[in-house]
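Below is one structure; the comments refer to it alone.
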Amino acid sequence: MRPKSSNTHLAFFVCVAAAVLAGTLRAQDGTDRPPWARKPGSSTTATSTAPARTPVPAPADGSDGGQQRGRIHVNVQLVTVLTSVLDDHKRPAPDLPREAFQIFEEGVEQKLEVFESETQQPLDLALMIDASLSAHKEISFEQEAAAHFIRQVLRPGDRLSVFAIGEDVTQIAGFSDNVATLQAAVHRMPAGSGTSLYDAILLASRTLERRGDERRRVIVLVTDAGETTSFADFDAARKAAVKSGALLYTIVVRPVKNESGRNTAGEHALEAITDTMGGAMFYPDAVQELDGIFDRINRELRTQYRLGYYPEPRGPANTYRKIEVKVAGNYQVRHRKTYLTGPQ
């Protein structure tokens, strides 16, 4: 009978060993261990048999992620061009169809991706008034006309800032839609001893460039065009203006009508920058015409076309690219003539 008892004990020990081994394996599998001690892929539920996986997000465009790896993505910036179209009576020509417009970069026609007739993009407008001694005798009328323009031009969402131009260029009211505050700033224009026109354009351009991209940038400059005291030069001012994408409307109030009796270098420089930026020059014969000129600027800003395209071929980094807009029919077309490509 001893052999039978030995066999019984042996069977008992085998069962105990098997149970211990099963418990060890179950513990290693991690179902009853704390989360930090479980094996990767173990599950806390009895019904889950597959190892847990971290989901891999699909590409945003729905394309195969494997094909995306190794590609070089180039960000081609949309080039927007604000365009003013005038008829043969110098009046804005609204409601022209998309098909009437062609846009070219460096002579190559581009595909028009954006077309807005009478764009409603809000304005960021820098109103700059020459308060130098040479222009100061007309300052009272200029202030009244500018105050009227502020009340006339601002719409919901628009912002305007007031600058005084003298030897120094001073922002005397930040961007705001508060008409009373802006008008008060115009009426406290300090007298200056010089005229820093290049500094004014550079400062206004850089200030506007820091504003939102989805806004129109406009500089309205009232001056006698007698550049005398700028630290910046023509090239620096023009580059800042082009980089900002702003429009420039220049009103030259000339204290001396005869060209032989005044320095016209500043006027010619302003003409070149204004033409490049896509605005307009005005030469009133008397300051009493300022109200009418401000009204023309306001009407033009409210009837602009907004065009946009992705350049093809893309120009090299940090280079000037020539833009031309053509409109079918007998129209005068104004727009910025160039833009500066960004880094690549």
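The values are calculated or read from the model by the stated rules, or taken from the named source; none is laboratory data. Just so you know, these numbers come straight off a predicted model, no measurement behind them. Neighbour counts are summed over all protein chains in view; Cβ atoms, including those assigned to glycine, are modelled from backbone coordinates with ideal geometry. These accessible areas exclude ligands, DNA and RNA; they are computed on the full protein's heavy atoms, side chains included. Shrake-Rupley method; radii C 1.70, N 1.55, O 1.52, S 1.80 Å.
Could you tell me how many of the residues in the stretch 134-144 are open to solvent by 30 Å² or more (accessible area, probe 1.4 Å) and not in a loop (DSSP other than H, G, I, E, B)?
Qualifying residue count for the region: 6.
Check whether at least one residue in the stretch 252-268 is under 27 Å from the mean Cα position of the chain (by Cα) and either over 23 Å from residue 341 (Cβ atoms) or part of a helix (DSSP H, G or I) (or both), and report yes or no. Can you show your working first?
If we filter the stretch 252-268 for residues that are under 27 Å from the mean Cα position of the chain (by Cα), which is where we start, we get none.
Taking every residue of the stretch 252-268 in turn, none turns out to be under 27 Å from the mean Cα position of the chain (by Cα) and either over 23 Å from residue 341 (Cβ atoms) or part of a helix (DSSP H, G or I) (or both).
Filter the strands (runs of 3 or more DSSP E) completely within the stretch 278-344 down to those with at least 1 residues that are of a type in the set (A, V, I, L, M), at pLDDT 95 or above and surrounded by 15 or more Cβ atoms within 10 Å (Cβ to Cβ).
Output list reads 280-282, 305-309, 320-327, 332-334.
Say we look at the stretch 226-257 and pick out the residues that are crowded, with 19+ Cβ neighbours inside 10 Å, modelled with pLDDT under 90 and of a type outside the set (Val, Ile, Thr); which of these is farthest from residue 140 (Cα to Cα)?
226
Looking only at the stretch 184-206, decide whether some residue is touching a residue at least 40 places away in the same chain (Cβ under 8 Å), polar (S, T, N, Q) and open to solvent by less than 30 Å² (accessible area, probe 1.4 Å).
yes
So residue 213 clears everything in (1) at pLDDT 95 or above; (2) open to solvent by 30 Å² or more (accessible area, probe 1.4 Å) except one condition, right? Which one?
Single failed check for residue 213: (1).
Is it true that some residue in the stretch 89-99 is modelled with pLDDT of 50 or more and of a type in the set (A, V, I, L, M, F, W, C)?
yes
Residue-wise test of (1) out of contact with any helix residue (DSSP H, G or I) (no Cβ under 7 Å at 6 or more places or on another chain); (2) open to solvent by 10 Å² or more (accessible area, probe 1.4 Å); (3) in contact (Cβ under 8 Å) with a residue 12 or more places away in the chain; (4) within 26 Å of residue 267 (Cα to Cα).
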| site | (1), (2), (3), (4) |
| --- | --- |
| 80 | yes, yes, yes, no |
| 86 | yes, no, yes, yes |
| 146 | no, no, yes, yes |
| 149 | no, no, yes, yes |
| 155 | yes, yes, yes, no |
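Any chance you could count how many residues in the stretch 98-129 are free of Cβ contacts under 8 Å to residues at least 12 places away in the same chain and in a loop (DSSP other than H, G, I, E, B)?
Qualifying residue count, the stretch 98-129: 1.
Checking residue 265 against (1) under 22 Å from residue 121 (Cβ atoms); (2) surrounded by fewer than 17 Cβ atoms within 10 Å (Cβ to Cβ): exactly one of these is not met. Which one?
(1)
Looking at the stretch 88-133, which of the residues that are open to solvent by less than 60 Å² (accessible area, probe 1.4 Å) and of a type in the set (Gly, Ala, Ser) is nearest to the chain's Cα centre (by Cα)?
The qualifying residue nearest to the chain's Cα centre (by Cα) is 126.
Table: residues versus (1) in contact with an Asp or Glu (Cβ under 7 Å, 6 or more places away or on another chain); (2) of a type in the set (Phe, Trp, Tyr); (3) in contact (Cβ under 8 Å) with a residue 12 or more places away in the chain.
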site: 235; (1), (2), (3): no, no, no
site: 246; (1), (2), (3): no, no, yes
site: 254; (1), (2), (3): yes, no, yes
site: 267; (1), (2), (3): no, no, yes
site: 283; (1), (2), (3): no, yes, yes
site: 300; (1), (2), (3): no, no, yes
site: 307; (1), (2), (3): no, no, yes
site: 330; (1), (2), (3): yes, no, yes
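Can you give me the number of residues within the stretch 162-182 that are polar (S, T, N, Q) and farther than 11 Å from residue 129 by Cα?
Count: 3.
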